[in-house]
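Quick note: the coordinates plus some simple rules give every number you see, no bench work behind them. The structure presented is a predicted model; accordingly, all values stated were derived computationally and were not measured. Cβ coordinates were reconstructed from backbone atoms using ideal geometry, including for glycine residues, and neighbour counts include every protein chain displayed.
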Amino acid sequence: MKIHQISLFLENKPGHLNAICRTLAENQINIVTLSLADTQQFGIVRLIVEDWEKAKEVLEKSGYVVNVREVVAAAVADRPGGMSEMLEIIGKCGVNIEYMYAFALRHGSEAVLVFRFDKPDRAIEALKSAGRDVLDAVTLFGEAK
Amino acid sequence: MNAMNTKPVTENRIWQPEWECMPRQELKALQAVRLREAVTRAMRVPFYREKLTKLGITPEKIRSADDVRHLPFTEKIDFRDNYPLGLTAVERSEIARFQGTSGTTGKPIWTAYTRNDVDRWADLCARFLVSGGVRPEHTVQISFGFGLFTGGFGLHNGIQRLGAAILPVSSGNSARQIMCMQDLRPEVLICTPSYALKLMDDILSGGLDRSSIALEHAHFGGEPWTEAMRERIENGLGILCWNNYGMAECGGPGLSGECVYRNGMHIQEDQFIVEVIDPDSLEPLPYGEKGEFVVTPLCREALPTLRYRTRDIGIIYDNGECACGRTTRRMSRIMGRTDDMLIIRGVNVFPSQIETALMRVEDAAPHYMIEVSRPGALDEVTVLIEVQPGMFSDSMSEMQGIQTRLVKELYAVTGLQMQVKLVGPNTLERFEGKSRRVKDTRNLGC
């Protein structure tokens, strides 16, 4: 029920993010979503792509340091309060969110939240028993198309 | 330096004219006698006895000061190999004082003194202090650290010997330093040149009335500095700044110091033979040529170091007699090093130590660069490290944790607060053969 996220180290210099995106484009890899975390000095770019193995391979071949991490993607209603309801479930089960980011799907009335939890399995269980949609890769990438 | 300065910057005084102004012929004869004594003392040290015997050298064979060139060299590593006191020539009961290298890492180099050594050392320090404007009626603020560092207690003894008042503030805490300057109005300051720059910036930016401090002179040591720094501090504070030289392995400060004519630093030749050698061929070079300073103390009883390779590069001038009346040869400022040692805020640092620190954190070591700069008054070190797979994480807090650990390890190994900058893989220069990992933009050349 987890999906793979790849992250890369990014220097805070003009053109660095684009160099990554260009490498993916040249290899016909579509970015479903991405998030950036940054300090004054460097950043971490996190990417969700369908073929993460190929993405890892081509990026590493281009000299990047690539980290692969399993994250949890959950669907949330795209309306006021949708997010808050979700966070309440997570808060109650005592799981900490290390980071998260969201993106809206092109079709439908749902958005997707991507989480890195300290205890992902417990979070998945809590979300499911509250009736929430935890997306696997097939569903996620199916909907994203 | 080509032309000799013939205009004094202040009144010329000499602490021990009987030694400092000896006719050269007598001085050379004295050096020969003392060199023979030094070799006799060195024969008591197994390390030297073995080397000298192998070379067929006995004290009787030393006929002139120039015979020094036949003696074996001593290197820093020899002190480490014979740790702690293997190069010491006297019984423990005869040792009156220990000092050591600033070495914040690992083991220091211990330099032992007999009672006579301590006594002579005080005069050596008094010589360059008096030569550089210090008078018995002055108060001298010592902002060197008191401890193993030879600078603190060495200068302390010299000031005591010449009869001035000692204000031993020790290092650090600029606000307190300035308070002492204002309240007790010392005429002389002793510190590292970079600390003087910091104090100057604090004084000037604090909008202090110059007349609230009475400084006339500053004596600098502990790290290389430049004429440009001298000009900046002299103009900024309206004082005279003086250069002196020495190293723990040869007894600390007092080896040489400037006179009021500033034609280089007068070598205390009655107690030291200083040679300049070609660091590759190890052959002595004629006066006037640039090379590595090699120092042989002639009178030290406890630690009779022979031909110590300082790794400092400079020149011994041979352009006539100095107008001050001293007959001793003069040496230039330190113009560089023959090894990769860095002196940062007065602390000796080798790039290999930095590598050691990096190796303790994941696999941070393989690709790094050390940038040394002096943006303001103080040296700053930034270590650029290429991010390696083993140390990269998608979590920002983990990445910052790694950065913090790197800073901590660097501090633990070098004793210096350094900046750590993580950079992308394959962004730093790669080297074929000998790497040049240090980028020093402080412009300390002379």
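Observations, loosely collected:
- Spin-label pair B:Thr226/B:Glu283, simplified geometry with 7 Å Cα→Cβ offset, distance in nm: 3.3
- The mean count of C-beta atoms from other chains within 10 Å of the C-beta of residues in A:41-52, rounded to a whole number, is 2.
- Among B:Cys21, B:Cys299, B:Cys324, sorting on how many other beta-carbon atoms sit within 10 Å of each Cβ, with the fewest leading, yields B:Cys21, B:Cys299, B:Cys324.
- For B:Arg115 and B:Arg430, a Förster radius of 56 Å and the Cβ-Cβ distance give a FRET efficiency of 0.50, rounded to the nearest 0.05.
- Pairs beyond 27 Å (Cα-Cα), from B:Lys28/B:Lys107; B:Lys28/B:Lys290; B:Lys51/B:Lys107; B:Lys198/B:Lys408; B:Lys76/B:Lys198: B:Lys28/B:Lys107; B:Lys76/B:Lys198
- Other residues within the sphere of radius under 13 Å centred on the Cβ of A:Cys93, judged by their own Cβ, net out at +1 (K and R +1, D and E -1).
- Take every Cα pair under 8 Å whose residues are at least 6 apart in sequence, average their separation, divide by the length of region B:33-116, and the relative contact order is 25 percent.
- Distance from region A:84-145 to region B:197-248 (C-alpha centre basis), Å: 63
- When +1 charges are put on Lys and Arg Cβ atoms and -1 charges on Asp and Glu Cβ atoms, the dipole computed for region B:325-394 relative to its Cα centre reaches about 1000 debye.
- FRET E, pair A:Ile31, B:Asp202, Förster distance 41 Å, beta-carbon r, rounded to 0.05: 0.20
- Summed side-chain charge close to B:Thr427 - residues other than B:Thr427 whose Cβ falls under 10 Å, Lys, Arg +1, Asp, Glu -1: -2
- Sorted by Cβ density within 10 Å, fewest first, the residues B:Arg232, B:Arg80: B:Arg80, B:Arg232
- Whether the protein assembly as shown is rounded, prolate or oblate, judged on the alpha carbon gyration tensor where a/c under 1.5 counts as rounded: prolate
- Fully extending the segment from B:Asn82 to B:Ala3 would add 24.0 nm, taking 0.36 nm per residue of separation and subtracting the current Cα-Cα distance.
- Neighbours of B:Asn348 by Cβ distance under 13 Å: Lys/Arg scored +1, Asp/Glu scored -1, total -2.
- Between region B:268-291 and region B:128-150, the Cα center-to-center distance that results, in Å: 28
- Computed over region B:318-437, the Cα gyration tensor eigenvalues convert (square root of 5λ each) into semi-axes of 39, 16, 11 Å, ordered from largest to smallest.
- The length gained on full extension between B:Asn443 and B:Asn319, counted as 0.36 nm times the residue separation minus their Cα-Cα distance, comes to 41.9 nm.
- Nearby lysines by direct alpha-carbon distance to A:Lys92 (threshold 30 angstrom, same-chain neighbours under 8 apart not counted): A:Lys2, A:Lys119, A:Lys128
- Loop GluC sites (Glu not before Pro), region B:7-102, which have at most 11 other Cβ atoms in a 10 Å radius of their Cβ (DSSP): B:Glu11, B:Glu91
- Dipole orientation for the protein assembly as shown: of the candidates B:Ile343, B:Thr404, B:Asn244, B:Asn244 has the Cα lying most toward the positive pole (charges on Cβ; Lys, Arg +1; Asp, Glu -1).
- Percent antiparallel among DSSP beta bridges (both partners in the protein assembly as shown, rounded to 5): 75
- For the protein assembly as shown, size of Cβ-based charge dipole, Lys and Arg +1, Asp and Glu -1, in debye: 1000
- Charges were assigned to the Cβ only: +1 to each Lys and Arg, -1 to each Asp and Glu. The resulting dipole of region A:18-145 about its Cα centre is roughly 120 debye.
- Extension gain, B:Ser373 to B:Ser93, is 96.2 nm, computed as 0.36 nm per intervening residue step minus the present C-alpha separation.
- Neighbour-count ranking [beta-carbon atoms within 10 angstrom, fewest first] of B:Arg176, B:Arg345: B:Arg176, B:Arg345
- Inter-site label distance for B:Arg69 and B:Arg13 at 7 Å from Cα along Cβ, in nm: 4.0
- In region A:27-127, a dipole from Cβ-located charges (positive for Lys and Arg, negative for Asp and Glu) runs towards its positive end, and of A:Leu127, A:Leu87, A:Ile44 it is A:Ile44 whose Cα lies farthest in that direction.
- Peptide A:91-102, shielding by other chains (average Cβ, 10 Å cutoff): 1
- Separation of alpha-carbon centers, region B:305-376 and region B:43-99, rounded to whole Å: 24
- Cα gyration tensor, chain B - rounded (a/c under 1.5), prolate or oblate: oblate
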